[in-house]
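First comes the structure, then the notes that go with it.
The values are calculated or read from the model by the stated rules, or taken from the named source; none is laboratory data. Here the structure is a predicted model, which means the values were calculated and not measured. We place every Cβ from the backbone using ideal geometry, glycine too, and count neighbours over all the protein chains shown.
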Amino acid sequence: MLNLHHILNYKKTNMSKSAILSSSIAKKFWMALTGLFLCLFLIGHLIGNLQLIMYTGAEGKSVFNEYAYFMTHNPAVKILSYLTYFSILFHAIDGFLLAYQNSKARKKKYAYSKPNENSTWASRHMALLGSLILIFIVTHMVNFWAAMHYDETLPLHTVSVADPNTGEEQKLYVTRTGDYMPVSAFEAGPNGEKAQMEIRNKTEFYNSAVNIPVGGGYKDLHSLTMAFFGHDKSEIGRPANPYALYATILYVLAMIVLAFHLWQGFASAFQSLGIRIKKYRTLIEGSGKIFAIVVPAAFAIIPIVIYLTK
């Protein structure tokens, strides 16, 4: 006959195991949810970045800079951006916790095992793959996102046209209303006269005499990106990156790592959410493999094309 002490110990042990199991399931659930959300982000980000090679010349510059402005100023997009930042951090932290929890659970090592037969290489190294992707995201944001938001030297979008009267080349700022404003209006006169116009808050144009806003321009993220991957933009203060070839190679390698991560993670996310039922299993796994190849490959093509057309 069981006494009270045995019953309490039994309940305590099983409740502890249940809590651990629930915690693991919860981590996998949120890992899957944030992972699938980030897959949607990848699609949106890819569509935007493809404009770098789909359009060329002045049209490409305008299209991409207008897109960059929209992505950093539209209220709905800004909310989605904050959600994306949170998802990246949560996905990374949750992944590290799961990897740590799994390593602690494997205290007993077996003398004979066949890991290559029981799991894929990607599934055994998801934590490593995720860590490499996180490093790439941080460096990518430093090079582009931080420059877009905080680089005081990032120029505004300009075009050069010939003055119809003198034939001299004149630089004009492209405004957000589709008009143009001469760069010379923002420069002090030869005798120290105050400039007619001034730039405030990095993109806003103000009339100096009456102190009122008269429009705004676009930050030239297009030229920043082109210079980073080898194009010479010295005319706007952005010479070609001397390490453009290495930057391109590292970008492509990062996309290969992302492909391996998605190859394992896409279908696993549906399984963690309980959606990968037998009826749709083949469809989900097939779609995951296509996604894991096409999306990283499309991302990798962008810097390659830019570098080869410098």
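Being touching a helix residue (DSSP H, G or I) at 6+ places or on another chain (Cβ under 9 Å) and part of a loop (DSSP other than H, G, I, E, B) is the requirement here; does H222 meet it? Even if it seems obvious, please write down each step before you answer.
Values: touching a helix residue (DSSP H, G or I) at 6+ places or on another chain (Cβ under 9 Å): yes; part of a loop (DSSP other than H, G, I, E, B): no.
Answer is no for this residue.
Quick test for you: out of A122, A147, pick the one residue that is modelled with pLDDT under 90 and either surrounded by 16 or more Cβ atoms within 10 Å (Cβ to Cβ) or hydrophobic (A, V, I, L, M, F, W, C) (or both).
Being modelled with pLDDT under 90 and either surrounded by 16 or more Cβ atoms within 10 Å (Cβ to Cβ) or hydrophobic (A, V, I, L, M, F, W, C) (or both) holds for just one of A122, A147, which is A122.
Got at least one residue in the range 72-80 being touching a residue at least 60 places away in the same chain (Cβ under 8 Å), among the basic types (K, R), touching a Ser or Thr at 6+ places or on another chain (Cβ under 9 Å) and assigned to a helix (DSSP H, G or I)?
Here is the first cut: in the range 72-80, the ones touching a residue at least 60 places away in the same chain (Cβ under 8 Å) are 72.
Next, only the ones that are among the basic types (K, R) stay: none.
No, the conditions are met nowhere in the range 72-80.
Where the second residue is of a type in the set (D, E) and surrounded by fewer than 19 Cβ atoms within 10 Å (Cβ to Cβ) and the first is under 15 Å from G35 (Cα atoms) and in contact (Cβ under 8 Å) with a residue 60 or more places away in the chain and lies in the range 266-287, which pairs have Cβ atoms under 9 Å and are six or more apart or on separate chains?
F266/E285; F270/E285
Please go through the range 170-191 and give me each residue that is of a type in the set (A, V, I, L, M, F, W, C) and part of a strand (DSSP E or B), ordered by number. So that I can check it myself, show each step before the final result.
Start the filter on the range 170-191 by keeping residues that are of a type in the set (A, V, I, L, M, F, W, C), which leaves 172, 174, 181, 183, 185-186, 188.
The answer is L172, V174, M181.
Under 30 Å from L52 (Cα atoms), in contact with a strand residue (DSSP E or B) (Cβ under 9 Å, 6 or more places away or on another chain) and among the aromatic types (F, W, Y): is that true of F229 in this structure? Step through it out loud before you land on a result.
Values: under 30 Å from L52 (Cα atoms): yes; in contact with a strand residue (DSSP E or B) (Cβ under 9 Å, 6 or more places away or on another chain): no; among the aromatic types (F, W, Y): yes.
So F229 fails the test.
Mind listing just one residue for me: the one in the range 242-295 that is assigned to a loop (DSSP other than H, G, I, E, B) and among the hydrophobic types (A, V, I, L, M, F, W, C) and, of those, nearest to the chain's Cα centre (by Cα)?
Narrowing the range 242-295 to residues assigned to a loop (DSSP other than H, G, I, E, B): 242-243, 273-277.
Now restrict to residues that are among the hydrophobic types (A, V, I, L, M, F, W, C): 273, 275, 277.
Working: L273: 25, I275: 27, I277: 31 Å.
The extreme case among them is L273.
Tell me which of these S223 doesn't satisfy, since it passes every other one: (1) among the polar types (S, T, N, Q); (2) modelled with pLDDT under 95; (3) within 29 Å of F41 (Cα to Cα).
Result: S223 fails condition (2) only.
In the range 166-183, what residues are of a type in the set (S, T, Y) and under 36 Å from the mean Cα position of the chain (by Cα)?
Keep residues of the range 166-183 that are of a type in the set (S, T, Y), which gives 166, 173, 175, 177, 180.
Y173, T175, T177, Y180 - these are the residues of the range 166-183 that are of a type in the set (S, T, Y) and under 36 Å from the mean Cα position of the chain (by Cα).
Of V294, V305, V252, which residue is β-branched (V, I, T), more than 24 Å from S131 (Cα to Cα), surrounded by fewer than 20 Cβ atoms within 10 Å (Cβ to Cβ) and at pLDDT 95 or above? Steps first, answer last, please.
Values: V294 fails: more than 24 Å from S131 (Cα to Cα); V252 fails: more than 24 Å from S131 (Cα to Cα).
The unique qualifying residue is V305.
Which one is modelled with the lowest pLDDT, of the residues in the range 273-290 that are touching a helix residue (DSSP H, G or I) at 6+ places or on another chain (Cβ under 6 Å) and surrounded by fewer than 20 Cβ atoms within 10 Å (Cβ to Cβ)?
Going residue by residue through the range 273-290, those that are touching a helix residue (DSSP H, G or I) at 6+ places or on another chain (Cβ under 6 Å) are 273, 276, 284-285, 288.
Narrowing further to those that are surrounded by fewer than 20 Cβ atoms within 10 Å (Cβ to Cβ): 273, 276, 284-285.
On the way: L273: 84, R276: 64, I284: 88, E285: 88.
So the residue we want is R276.
Scan the range 137-168 for residues that are touching an Asp or Glu at 6+ places or on another chain (Cβ under 8 Å) and either aliphatic (A, V, I, L, M) or closer than 23 Å to M226 by Cα (or both) and jot them down.
Filtering the range 137-168 for residues touching an Asp or Glu at 6+ places or on another chain (Cβ under 8 Å) gives 154-158, 160-163.
Answer for the range 137-168, where residues must be touching an Asp or Glu at 6+ places or on another chain (Cβ under 8 Å) and either aliphatic (A, V, I, L, M) or closer than 23 Å to M226 by Cα (or both): L154, P155, L156, H157, T158, S160, V161, A162.
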